[in-house]
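For reference, the structure discussed in these notes is given below.
The values are calculated or read from the model by the stated rules, or taken from the named source; none is laboratory data. As the structure is a prediction and not an experimental result, all values here were calculated from the model. Every residue, glycine as well, gets a Cβ built from its backbone with ideal geometry; the counts of neighbours run over all protein chains shown.
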Amino acid sequence: MDIPLRVLIIEDSDRDAALEVRALKAAGYQVTHAVVETAVEMKAALAEQVFDIVISDNCLPQFDASGALAVLKQSGLDIPFIVVSGSIGEETAVALMKAGAHDYVMKDRLARLVPAIQKELREAESRGKRKLLEEERRNKRIMLARTEDIAHIGSWEWDIATDKVIWSDELFRIFQRDPREGAPSFAEHPAFYHPDDMPRLRQAVEAALADGTLYELELRTLRKNGETRVCVARGVAEMALGGRPVRLFGSFQDITKRKAAEAALQAMNEEIKTISQQLLQAEKLATMGELASSIAHELNNPLTTVSLSVELLIAQTPVDDPLQRKLEIIGQEVERMGNLVSNLLQFSRRSQQQISTVNVCDEIEKTLELIHFQLRKRNIGVERKFEPGVPPIHADRQQLRQLFLNLFMNASDAMPEGGTLTIRVTKRPEESQICIEIADTGVGIPPEILPKVLDAFYTTKPEGKGTGLGLAICRRITEGHRGTLNITSEKGPGNGASVCITLPFSNGQNTELLKDG
């Protein structure tokens with residue numbers, strides 16, 4: 001089968017061109033050719049057609065082999081160029097070969113033309129393959145560099161015998177080093193990692209060098225400016241036939257942004273979880289409030305009747321009558337039930353607040369006056385730490401006193417053997433808030449129940465001693481004033497518990513907001 005061959009012939013003799021074509025056909029080539037005599041014709045032919053080889057006479061009236069070589073170079077095409085001449089001196093032949101000609105053949109020895117063409121076609125094919133391979137490698141390097149840049153993955157290699165280290169461009173960027181400085185030696189690498197992470201990296205590298213184990217570690221790297229980045233380091237050793245390591249190579253991926261995003265996502269999930277729990281609790285409280293309000297109203301009237309009847313019976317019973325004591329007990333229990341009903345109504349009712357400008361320290365003092373004798377009876381001292389210049393707040397005075405009264409009584413109940421009630425009032429100008437801290441030296445709150453103490457109807461007091469609504473009401477009052485209430489307790493006798501309340505300053509803008517609470 002004939003082999004297709006596209007030939008561009010630069011010749012002014014039709015006879016010589018025909019002889020060259022005949023020789024190629026005789027060698028088994030299916031020849032298609034074009035003949036040109038000038039530089040203009042050659043440029044046009046190269047632009048319009050594809051050729052496998054160029055055969056050029058050395059000397060034409062308007063053109064020569066040297067000019068033809070210049071045109072071919074200018075085109076950027078890699079086509080074998082063979083000079084075929086009737087007479088050519090050795091110097092001219094050498095000059096043409098240096099200029100880029102691949103071979104030359106004398107016209108009276110055309111038998112050499114076919115072997116010369118075959119040789120140059122093979123070499124051209126080999127050059128083409130090498131060029132394609134180099135182009136493929138170059139494209140892969142470009143693609144790898146772009147991929148590393150996008151993924152923030154840098155690569156490196158260490159030749160153990162020469163101690164030569166190679167870094168990719170992205171690795172220089174990760175460590176913020178100038179590529180012109182070159183990659184640091186392997187012995188210098190510890191300076192680029194957080195000291196606490198170096199033992200793990202050193203152990204992983206030693207294992208890789210020992211048996212070729214692939215390692216993958218999350219490490220903190222240090223930049224020149226002191227910034228810490230989080231990276232995933234991977235590495236593996238290349239082993240010789242005898243199991244001796246010859247190279248270590250691997251990658252570094254900067255995952256700082258991903259870690260920050262993961263932390264933000266985790267925080268968001270925690271916040272969503274907290275909000276969901278709060279919504280669930282709010283729904284429970286709303287349902288509980290409706291039920292409590294209904295029960296309280298149903299109980300209120302019968303309790304009033306029972307209370308009046310007991311008072312009447314006590315008045316009609318002689319003092320020394322044994323029934324007198326039983327009636328008093330009934331009266332006390334009725335009063336306790338009345339207080340429970342009152343607390344239920346207070347807890348379930350969102351009444352309109354009566355807002356006014358209030359001095360917190362004054363309200364604390366007035367509330368303390370109400371329980372002065374009870375505190376003294378229990379041997380409880382009061383320590384006041386009021387910061388000067390605490391600004392007033394907008395608040396419902398009665399609700400505020402109820403808040404303080406509940407907290408003071410809780411603190412008092414926690415110190416049955418006496419102690420100290422410390423009340424600290426400070427201002428936080430940067431947050432436009434005041435802080436009220438109420439601390440006792442009582443028995444404290446066990447950590448396992450601390451998260452529950454603000455829940456409605458949760459109490460640690462003996463049966464009949466508490467309703468579990470006091471702190472729930474305190475939280476509702478605080479939140480109704482756009483404030484916060486937090487309780488902490490330290491382990492150990494005498495450390496007690498501490499309640500911290502924050503409330504906004506009176507700034508002329510809170511009044512209407514509070515009325516809507």
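Assorted remarks:
- Number of residues in region 71-88 that are more than 60 Å from the chain's Cα centre (by Cα) and surrounded by 12 or more Cβ atoms within 10 Å (Cβ to Cβ) equals 7.
- Per-region count, region 1-26, residues small (Gly, Ala, Ser) and surrounded by fewer than 17 Cβ atoms within 10 Å (Cβ to Cβ): 3
- With respect to the conditions (1) in contact (Cβ under 8 Å) with a residue 40 or more places away in the chain; (2) exposed (fewer than 13 other Cβ atoms within 10 Å of the Cβ), MET409 lacks only one, and its number is (2).
To keep it simple, each residue is scored yes or no on (1) among the β-branched types (Val, Ile, Thr); (2) at pLDDT 75 or above; (3) in the same structural domain as LEU405 (by TED's automatic domain parsing).
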| site | (1), (2), (3) |
| --- | --- |
| GLU271 | no, yes, no |
| LYS284 | no, no, no |
| SER309 | no, yes, no |
| ALA315 | no, yes, no |
| ILE329 | yes, yes, no |
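- Members of region 190-201 that are touching a Lys or Arg at 6+ places or on another chain (Cβ under 6 Å) and part of a helix (DSSP H, G or I): ASP197
- Here ALA395 passes the criteria (1) over 20 Å from ILE473 (Cα atoms); (2) among the hydrophobic types (A, V, I, L, M, F, W, C); (3) surrounded by 15 or more Cβ atoms within 10 Å (Cβ to Cβ) except the one numbered (1).
- Looking only at region 412-432, residues that are closer than 13 Å to LEU375 by Cβ, surrounded by fewer than 16 Cβ atoms within 10 Å (Cβ to Cβ) and of a type outside the set (Gly, Ala, Ser) come to 1 in all.
- LEU513, sole failed condition from (1) surrounded by fewer than 19 Cβ atoms within 10 Å (Cβ to Cβ); (2) at pLDDT below 85; (3) not in a helix (DSSP H, G or I): (3)
- Test result for GLU479, surrounded by fewer than 20 Cβ atoms within 10 Å (Cβ to Cβ), at pLDDT 85 or above, assigned by TED's automatic domain parsing to the domain that holds LEU407 and assigned to a helix (DSSP H, G or I): yes
Yes/no matrix, rows are residues, columns are (1) touching an Asp or Glu at 6+ places or on another chain (Cβ under 7 Å); (2) acidic (Asp, Glu); (3) touching a residue at least 60 places away in the same chain (Cβ under 8 Å):
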site	(1), (2), (3)
GLU363	no, yes, no
THR367	no, no, no
GLN374	no, no, no
GLU383	no, yes, no
ALA395	no, no, yes
GLN402	no, no, yes
LEU405	no, no, no
GLY419	yes, no, yes
VAL425	yes, no, yes
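- Of all residues in region 94-115, those satisfying the criterion of being over 19 Å from LEU19 (Cα atoms) and not charged (D, E, K, R) are VAL94, ALA95, LEU96, MET97, ALA99, GLY100, ALA101, HIS102.
- Take the conditions (1) on the phi > 0 side of the Ramachandran plot; (2) free of Cβ contacts under 8 Å to residues at least 60 places away in the same chain; (3) buried (at least 16 other Cβ atoms within 10 Å of the Cβ); ASP440 misses just one of them, which is (1).
- The number of residues in region 313-324 that are surrounded by fewer than 11 Cβ atoms within 10 Å (Cβ to Cβ) and part of a helix (DSSP H, G or I) comes to 3.
- Residues satisfying the stated conditions in region 8-24, i.e. over 16 Å from ALA116 (Cα atoms), among the charged types (D, E, K, R) and either outside any loop (DSSP other than H, G, I, E, B) or without any contact (Cβ under 8 Å) to a residue 40 or more places away in the chain (or both): ASP14, ARG15, ASP16
- Odd one out for SER87, checked against (1) over 21 Å from THR38 (Cβ atoms); (2) assigned to a helix (DSSP H, G or I): (2)
- Set side by side, the residues ALA210, ALA187, ALA204, ALA233 differ, and just one is within 27 Å of the chain's Cα centre (by Cα) and either assigned to a helix (DSSP H, G or I) or at pLDDT below 90 (or both), which is ALA204.
- Yes/no for ILE355 being in contact with a strand residue (DSSP E or B) (Cβ under 7 Å, 6 or more places away or on another chain), at pLDDT 90 or above and surrounded by 13 or more Cβ atoms within 10 Å (Cβ to Cβ): no
- Every test in (1) more than 18 Å from ILE255 (Cα to Cα); (2) free of Cβ contacts under 8 Å to residues at least 60 places away in the same chain; (3) surrounded by 14 or more Cβ atoms within 10 Å (Cβ to Cβ) is passed by ALA191 save one, and that test is (3).
- If you go through region 105-125 and pick out every residue that is outside any helix (DSSP H, G or I) and farther than 23 Å from ILE3 by Cβ, you end up with 1.
Let's see how each residue does on (1) loosely packed, with under 15 Cβ neighbours inside 10 Å; (2) more than 14 Å from TRP158 (Cβ to Cβ):
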{"residue": "ARG177", "(1), (2)": "no, yes"}
{"residue": "ALA183", "(1), (2)": "no, no"}
{"residue": "GLU206", "(1), (2)": "yes, no"}
{"residue": "LEU209", "(1), (2)": "no, no"}
{"residue": "GLU216", "(1), (2)": "yes, yes"}
{"residue": "GLY235", "(1), (2)": "no, no"}
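- Filter result for ILE380 (outside the structural domain of LEU313 (by TED's automatic domain parsing), at pLDDT 90 or above and within 48 Å of the chain's Cα centre (by Cα)): no
- Being surrounded by 19 or more Cβ atoms within 10 Å (Cβ to Cβ), farther than 23 Å from ALA17 by Cα and modelled with pLDDT under 90 holds for only one residue in GLU148, GLU91, GLU136, and it is GLU148.
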